[in-house]
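The values are calculated or read from the model by the stated rules, or taken from the named source; none is laboratory data. In this text, all values refer to a predicted model and were calculated from it rather than measured experimentally. All Cβ positions, glycine included, derive from the backbone under ideal geometry; neighbour counts span all protein chains shown. Quick note on the areas: whole protein, heavy atoms, side chains included, nothing else; ligands and nucleic acids left out. Shrake-Rupley method; radii C 1.70, N 1.55, O 1.52, S 1.80 Å.
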Amino acid sequence: MHEVALAQSIVEIVRDQARANHADCVKAVFLRIGALANVEPEALSFGFESAARGTIAEGARLEIERTPGAAFCAGCGSDVQVESRVALCPSCGSGQLLITGGEELRVTELEVS
């Protein structure tokens, strides 16, 4: 379950950013997770809650925005949404897809006091 390691890294980022901005408390952490990032949001939430214990992020709400997978089809030249890395082009059925988005895992915002 790599989500626990990801959660620990997120808590480190949150801690560093809160410290740099002289925050006393982190109320919410906003994440953007792509559909192709191979991250299970529920497992990440559980891991975050555990990793945040005893830190400035303890009790913080984790808000997750999911973004779709995106690809360019070399077969027909279309930009398409995909749900997996092995998807076929929904426009022409080609397997010549180049992933262009949906792989991100990013802390986008912190709500602090």
Trypsin sites (Lys or Arg not before Pro) within the stretch 1-83: DSSP coil, no more than 11 neighbouring Cβ in 10 Å: Arg53
Spin-label pair Glu63/Ser91, simplified geometry with 7 Å Cα→Cβ offset, distance in nm: 3.4 nm
Calculated FRET value between Gln81 and Arg19, using beta carbons and R₀ = 41 Å, to 0.05: 0.60
Carbon/sulfur fraction of accessible area - the stretch 47-113, other protein chains in place, 1.4 Å, %: 45 percent
Lone cysteines, the chain (no partner Cβ under 4.7 Å): Cys25
Computed helical MRE - 222 nm, the chain, DSSP H runs ≥ 4 contributing -39500 (n - 2.57), nearest 500: -8500 deg cm²/dmol
Cα convex hull of the stretch 63-113 - mean projected area over all directions, nm²: 3.8 nm²
Under Karplus coefficients 6.51, -1.76 and 1.60, residue-wise ³J(HN,Hα) of the stretch 65-77 in Hz, glycine/proline x: 9, 8, 10, x, x, 9, 8, 10, 8, 6, x, 10, x
Unit charges at the beta carbon, dipole of the stretch 52-113: most positive-side option, Ala71, Val86, Leu110: Val86
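Is the shape of the chain rounded, prolate or oblate, going by the alpha carbon gyration tensor and its root eigenvalues a ≥ b ≥ c, with a/c under 1.5 for rounded and a/b larger than b/c for prolate?
Judged from the Cα gyration tensor, the chain comes out prolate (a/c at least 1.5, a/b above b/c).
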DSSP beta bridges in the chain [antiparallel fraction, %, rounded to 5]: 70 percent
Mean separation of Cα contacts under 8 Å (6+ apart) over length of the chain, as relative contact order %: 35 percent
Å² of accessible area per residue within the chain, as computed with a 1.4 Å probe and no ligands counted: 59 Å²
Qualifying GluC sites (Glu not before Pro) in the stretch 5-89, DSSP loop, other Cβ atoms within 10 Å at most 16: Glu58, Glu83
For Thr67, distant residues with modelled amide H under 5 Å away: Ile33, Gly34, Ala35
